Amino acid sequence: MKINDVPQEDSMLEGHQRACYAVDDKGRYVVVGSKGWAVEKVVNAQAVDEVRRAIDAAHARVLRGEASPLAYHMARCQMDVGLLAANTGIWRLRVRRHLKPAVFAKLKPALLQRYADALGTTVEALCRLPESGA
């Protein structure tokens, strides 16, 4: 895209700019500031709504007793079993087992601390559920 075509519409950047590459008059790539693009704002809003839905769904599963609080905190941090396993050094199979409420309730404090560290929370917060989802 050419320098004059770089989007300067209202976006999620809230007055800030980000760097974009554009072609100048001599055909060279240059860095140009962009205020964003309205389409980008819509797409990001949809992505945020999807994340909120996933968090709310995990919250509801925990309330129904179908999953442990670990499932909620994983959704809150946008982590799946593989990513959490990689961040904690715990096998995927064990992480999946710990998503069961009965198994999670019996976890040792050291293991809970590993999860809490990976999820950026405390052990106390990890073991409880907030009143609302997202």
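The values are calculated or read from the model by the stated rules, or taken from the named source; none is laboratory data. In this text, all values refer to a predicted model and were calculated from it rather than measured experimentally. Quick reminder, even Gly has a Cβ in these numbers, built from the backbone with ideal geometry, and neighbours come from all protein chains shown. Surface accessibility is based on the protein's heavy atoms, side chains included, excluding ligands, DNA and RNA. Shrake-Rupley method; radii C 1.70, N 1.55, O 1.52, S 1.80 Å.
Only one residue in 5, 24, 10 is among the charged types (D, E, K, R), in contact with a helix residue (DSSP H, G or I) (Cβ under 7 Å, 6 or more places away or on another chain), exposed (fewer than 15 other Cβ atoms within 10 Å of the Cβ) and free of Cβ contacts under 8 Å to residues at least 24 places away in the same chain. Which one? Working first, answer last.
Values: 5 fails: in contact with a helix residue (DSSP H, G or I) (Cβ under 7 Å, 6 or more places away or on another chain); 10 fails: free of Cβ contacts under 8 Å to residues at least 24 places away in the same chain.
So the residue among 5, 24, 10 that is among the charged types (D, E, K, R), in contact with a helix residue (DSSP H, G or I) (Cβ under 7 Å, 6 or more places away or on another chain), exposed (fewer than 15 other Cβ atoms within 10 Å of the Cβ) and free of Cβ contacts under 8 Å to residues at least 24 places away in the same chain is 24.
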Any chance region 42-64 includes a residue that's assigned to a loop (DSSP other than H, G, I, E, B), open to solvent by less than 80 Å² (accessible area, probe 1.4 Å) and farther than 30 Å from residue 14 by Cα? no
Which pairs turn up if I take residues in region 49-64 that are touching a residue at least 12 places away in the same chain (Cβ under 8 Å) and look for partners that are open to solvent by less than 100 Å² (accessible area, probe 1.4 Å) and among the charged types (D, E, K, R) with beta carbon separation below 6 Å, at least 6 apart in sequence or on another chain? 55/76
So if I check each of 84, 70, 93, which one is assigned to a helix (DSSP H, G or I), free of Cβ contacts under 8 Å to residues at least 40 places away in the same chain and open to solvent by less than 20 Å² (accessible area, probe 1.4 Å)? 84
All but one of (1) open to solvent by 40 Å² or more (accessible area, probe 1.4 Å); (2) of a type outside the set (S, T, N, Q); (3) part of a loop (DSSP other than H, G, I, E, B); (4) more than 19 Å from residue 54 (Cβ to Cβ) hold for residue 131; which doesn't? (4)
